[in-house]
Amino acid sequence: MPDSIKMKAAWIHAPLDVRIGDTEVPSIDDSKALIKIKTCGVCPSDVRVYTGARKNATYPRIAGHEWTGEIVEVGKAVEGFAPGERVVADWRVICGECYYCRRGIFNYCSNMGRGEMKGGFCEYGYAPARNLRKIPDHVLFEEASFTEPLACCLNGANNSNIRIGDDVVVVGTGQIGLMHVQLAKHLGGRVIACDTIQSRLEKAKEVGADDLINVSEGNPVEAVHDLTEGRGANVVIVAASATKAAETGLEMAGICGTVNFFAGFYPSNPITVDPNLIHYKQLNVTGSHDFTPHDFTTALKLIAHGTVNVKTLISHRLPLDEIKQGFDTVIDLAGVKVMMEVDSDR
Ligand SMILES: [Zn+2]
Ligand SMILES: [Zn+2]
């Protein structure tokens with residue numbers, strides 16, 4: 001690929017200012033592959049860069065990290081990958097040598113290689129070969145674009161002590177909550193989905209939720225107790241970044257229950273907690289953040305085997321030129337998952 005070739009890219013110039021422009025097609029070093037991007041999912045973290053809610057974001061920049069594509073060139077040192085192969089890229093380039101990597105907590109690598117990857121809302125990206133996974137033939141690019149958010153959910157599910165037969169409440173049924181519903185179901189949970197948006201609750205039902213609670217109609221804590229013979233839930237996963245959701249999540253949990261604050265808060269927002277709630281119920285309060293390389297591999301496997309239906313979560317498919325509409329759709333909560341079809345030639 002000659003260096004001078006330009007590609008189309010969605011540049012965020014400043015908060016709320018995204019425009020299609022161009023940039024150089026990247027050149028790759030020996031360890032990397034150059035990839036023609038096919039799809040890139042819009043993640044709330046991309047939207048936070050767009051709105052300016054993400055502190056320390058620098059501009060101009062090209063967002064997007066949930067991308068897939070087709071390899072067009074591989075570096076001399078790359079083995080096991082060839083042009084023409086369909087791949088999804090794990091944006092977390094870990095060092096393998098820091099304190100956390102050596103403890104196996106790869107999601108907290110201290111030396112994440114942020115410059116080692118490029119791509120997203122532009123026509124070409126690159127990644128070290130070790131961060132690529134081959135997409136099985138029967139899996140669509142748009143499905144494989146969920147590998148990253150599903151890997152985050154998988155890390156969360158594995159960190160929530162879900163046991164077969166448990167009553168599991170998922171608070172918030174956006175794309176993340178809807179993946180949690182499916183994972184909890186597969187772990188053997190009886191899943192109670194909570195949201196304020198009825199269409200999302202119906203989607204939760206479609207993907208396996210056993211019971212639905214519309215939080216805007218009555219007291220959701222009472223509703224959970226009514227559904228669990230007064231005990232409260234064994235596991236509560238808070239997948240909504242609202243203080244009320246976090247506070248009620250703690251109240252929904254029963255004795256020896258686990259509450260996972262899965263969603264981050266932007267901006268940070270303190271909640272009011274009665275420590276007795278945790279003390280007298282012996283609650284296990286935890287959180288989950290990002291994922292490991294193994295979670296990424298496993299997430300793609302779950303998609304490939306149909307364990308998690310991600311395709312049904314796509315509410316909007318848009319060409320790259322309509323990136324602004326893509327961001328606005330997420331901001332307005334107007335859909336579930338927005339998928340940018342960077343290259344519609346599939
Ligand atoms: Zn993401
Ligand atoms: Zn590391």
At 0.36 nm per residue, minus the direct Cα-Cα distance, what do Leu277 and Ile20 gain on full extension? Give it in nm, one decimal, please. 87.5 nm
Amide H contacts under 5 Å for Phe262, placed H, 5+ residues apart: Val238
How would you rank 42-48, 117-123, highest first, on the average number of other Cβ atoms within 10 Å across their residues? 117-123, 42-48
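If you count, for each residue, the other Cβ atoms within 10 Å and average over each peptide, how do 127-135, 165-173 line up from highest to lowest? List each step's numbers first, then the result.
Numbers: 127-135: 20.4, 165-173: 25.9.
Averaged packing, sorted descending, gives the order 165-173, 127-135.
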Would you mind checking which residues have amide H under 5 Å from Val342's amide H? H placed 1.01 Å from N; only 5 or more apart, or other chain. Thr39, Cys40
Take every DSSP beta bridge with both residues inside the chain and express the antiparallel ones as a percent of the total, to the nearest 5. 55 percent
Convert each backbone phi in region 317-325 into a coupling constant with the Karplus relation 6.51 cos²θ - 1.76 cosθ + 1.60 (shift: θ = phi - 60°), then list the ³J(HN,Hα) values in order as whole Hz, x for Gly and Pro. 10, 10, x, 4, 4, 9, 4, 4, 4
Nonlocal amide H pairs with Ile213, under 5 Å, H built at 1.01 Å: Ala193, Cys194, Asp195
Which order results if Leu320, Leu16, Leu150 are arranged by neighbouring Cβ count within 10 Å, fewest first? Leu16, Leu320, Leu150
Lys76 paired with Ile5, simple spin-label distance in nm, labels 7 Å along Cα-to-beta-carbon: 2.1 nm
Note on region 160-287: contact order normalised by length, alpha-carbon pairs under 8 Å, 6 or more apart, percent, works out to 23 percent
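Do you know the relative contact order of the chain, to the nearest whole percent, from alpha carbon pairs under 8 angstrom that are 6+ apart?
Numbers: 781 pairs, mean separation 61.7, N = 346.
It rounds to 18 percent for the chain.
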Please report the spacing between the Cα centers of region 222-252 and region 90-158 in Å, no decimals. 31 Å
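To one decimal place, what Kirkwood hydrodynamic radius in Å is obtained for the chain from all pairs of distinct Cα atoms? Mind showing how you got there, number by number?
Values: mean 1/r = 0.0480 Å⁻¹.
That comes to 20.8 Å for the chain.
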Under the Karplus relation 6.51 cos²θ - 1.76 cosθ + 1.60, θ = phi - 60°, what is the ordered set of whole-Hz ³J(HN,Hα) values for region 81-88, x standing for Gly and Pro? 10, 9, x, x, 6, 8, 9, 10
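Quote the relative contact order of region 85-231 in percent (integer), defining contacts as alpha-carbon pairs under 8 Å separated by 6+ residues.
Values: 202 pairs, mean separation 21.7, N = 147.
Taking the mean separation of contacting Cα pairs over the length of region 85-231, I get 15 percent.
List the pairs from Lys8/Lys337; Lys185/Lys205; Lys32/Lys134; Lys36/Lys301 whose alpha-carbon separation is above 21 Å, in the order I gave them.
Going by Cα-Cα distance, Lys8/Lys337; Lys36/Lys301 fall outside the 21 Å limit.
Tell me what the chain gives for mean residue ellipticity at 222 nm when only DSSP H runs of n ≥ 4 count, each as -39,500 (n - 2.57), the sum divided by the residue total, rounded to 500 deg cm²/dmol.
Numbers: 11 runs with 95 residues, N = 346.
Rounded to the nearest 500, the figure is -7500 deg cm²/dmol.
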Tell me, what HN-Hα J-couplings in whole Hz come from the Karplus equation 6.51 cos²θ - 1.76 cosθ + 1.60 at θ = phi - 60° for each residue of region 326-331, using x for Gly and Pro? x, 5, 5, 4, 5, 4
Arranged from highest to lowest average of other beta-carbon atoms within 10 Å per residue, in what order do the peptides 193-200, 261-268, 306-313 appear? 193-200, 306-313, 261-268
Fully extended contour minus Cα-Cα distance, from Ile164 to Ser315, at 0.36 nm per residue: 51.2 nm
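Given 0.36 nm per residue, what is the gain on full extension from Lys134 to Thr286 after removing their alpha carbon distance, in nm? Don't skip to the end; give the middle numbers.
Numbers: separation 152, 0.36 × 152 = 54.72 nm, distance 3.28 nm.
In short, 51.4 nm is gained.
With charges only on Cβ, +1 for K and R and -1 for D and E, what is the dipole size of region 76-151 about its Cα centre, in debye, rounded to 20? Before the final figure, lay out the partial values.
Working: 10 positive and 10 negative charges, 77 e Å.
Computed about the Cα centre, the dipole is about 380 debye.
We did not get these values from a lab; they are worked out from the coordinates using the rules stated. Bear in mind the structure is a predicted one, so any value in this text is a computation, not a measurement. Note that each Cβ is placed from the backbone with ideal geometry, even for glycine, and that neighbours are counted across all protein chains shown.
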